[in-house]
Amino acid sequence: MTYQVQLENFEGPLDLLLFLLQEHEIDIYDIPVALITHQYLEYLELLKLLDLEMGGDYILMAATLIRIKSKMLLPRRLAEEATEEIDPRQELVQRLLEYRRYKEAAHVLGNQEDQQIDIFYRPASENWDDITDDMEPLDIGLANNLNLWDLLQSFKKVIDRVDNTFDRTIEREAITVEDRMDDIMRQLHNRDGLFFKDLFNEVTRPIIIGMFLALLELIRTRKIAFEQTDNIGEIWLYLQKQDNTSS
Amino acid sequence: MTEETQFLEYKSIIEALLFAYDAPLTLKEISRILEDLDEHVIKKCIYELNAEYEEAPHSFQINDVADGYQFSTRVEYAKWIKRLYRGHIPSRLTQASLECLAIIAYKQPVSRSGVEAVRGVNVDGVIRTLLDRNLIRIAGRGDGVGRPILYATTTDFLKYFGLNNLTDLPRIDELNDLLKDRNIDIEEEEAEEMDHSLFPKPQTPIFERDETE
């Protein structure tokens, strides 16, 4: 079988068609539709055989090919021959040509990527690229309008940091949310507060996740509160004053 | 201050600015900070700084990228930096991502279905990946049915591919020549004819910069 080439590398029906055209050295401007339809359908059978995921896009193209093929088989009317006759293949050819152009553009980008992949810039601090002259100076004051997403974002930062040293062995550790709640309360005790990221001095994933769940629970039960110093800043945690009589 | 020491001072200031900033800094911005210093003087400063880094030699350089200047490491040190980041360096883009990006780069702003029309396959997943990697952004909504979301490339896109601006990419009609260079059969006469019908040559640069939107 000659068809055992990089099946997974086809980027769709157009790519497959281009491949078939090239394989059979067919002129893109004069496609023998019957032949190519046959080849294309054979390919689809093969994809099915290998149980590869085949999107409806491939089927749609098969239908298009068959439609063109049948159109070309229809006898031409005399009147049409006199005027400009539209080749039923024309639309497909244009699509192939356009796709091929962008495939080439992708190739250009790929080459650029090769050249740039080993150059490192300072990592951008959260989307600062768009700083413009009329931008407001950063508000250093504390903002209270934080929501769960802000917390999750901070959580992700901590998790990302941990991932560097992530230990792949799985240990069964008994980490209960209750223990972590106690831990957080202990850390906050007798302090004005502390930064979210400083809660996590132990760096294993289960502990961090336990911490986070505990934190959510403490916030829910209003034992602690949190604030953010500015839009992209650190989250500041502190004990909620129990000045109401509900407790 | 003599002219000479003045120039050295400028050089140091520009070095400090670039050192402190984590995105490409434009000539315009540097000039504004230095009270309308001539952009040619700035260019000269950067040129000399780079010469000094090379002479030293240092492991970094000032890169001319995304219509601005930014410090980057030299390729020779990639190996070590990769060790620093371990698995955290984003992987190379897949062929699907590259094709999708190419279409967006040339057709922007373009809707998802506009991209799909060229590729002939669903691009939902790819678009999401590209958004996640900040290589494309949502540039607004189109006028069509359902007011589709339109996508455009970002500054990070330029940085990622080491481009100064979008016009650094070959023009769409130049791609045929590239195809020919790579020995992919294409019939010159007809190809040229197709060019004019499919992609009329624009009078002005085909791209608008991000800022103009």
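Per the conditions (1) within 14 Å of chain B (Cβ to nearest Cβ); (2) assigned to a helix (DSSP H, G or I); (3) at pLDDT below 85, the sole criterion not satisfied by A:GLU80 is (1).
Counting only helices (runs of 4 or more DSSP H) that sit completely within the stretch B:24-119, those holding 1 or more residues that are surrounded by 20 or more Cβ atoms within 10 Å (Cβ to Cβ) correspond to B:27-33, B:39-55, B:95-107, B:112-119. Output the qualifying pairs, or none if there are none: Cβ atoms under 8 angstrom, residues six or more apart or on different chains, first residue in the stretch A:20-40 and more than 14 Å from A:ARG67 (Cα to Cα), second residue among the small types (Gly, Ala, Ser) and not in a helix (DSSP H, G or I). Once the first residue is more than 14 Å from A:ARG67 (Cα to Cα) and sits in the stretch A:20-40, no partner that is among the small types (Gly, Ala, Ser) and not in a helix (DSSP H, G or I) comes close enough. For the stretch B:27-34, the criterion of being at pLDDT below 90, within 9 Å of chain A (Cβ to nearest Cβ) and within 20 Å of the chain's Cα centre (by Cα) is met by no residue.
Among the residues of the stretch A:58-75, is there at least one that is at pLDDT 70 or above, in a loop (DSSP other than H, G, I, E, B) and over 21 Å from B:LEU98 (Cβ atoms)? Checking the stretch A:58-75: at least one residue is at pLDDT 70 or above, in a loop (DSSP other than H, G, I, E, B) and over 21 Å from B:LEU98 (Cβ atoms).
Restricted to the stretch A:180-204, and to residues there that are loosely packed, with under 14 Cβ neighbours inside 10 Å and part of a helix (DSSP H, G or I), the residue that is nearest to the chain's Cα centre (by Cα) is A:ASP198.
The values are calculated or read from the model by the stated rules, or taken from the named source; none is laboratory data. None of these values were measured; they are calculated from a predicted model. Positions of Cβ are generated from backbone atoms using ideal geometry, with glycine treated the same way; all protein chains shown enter the neighbour counts.
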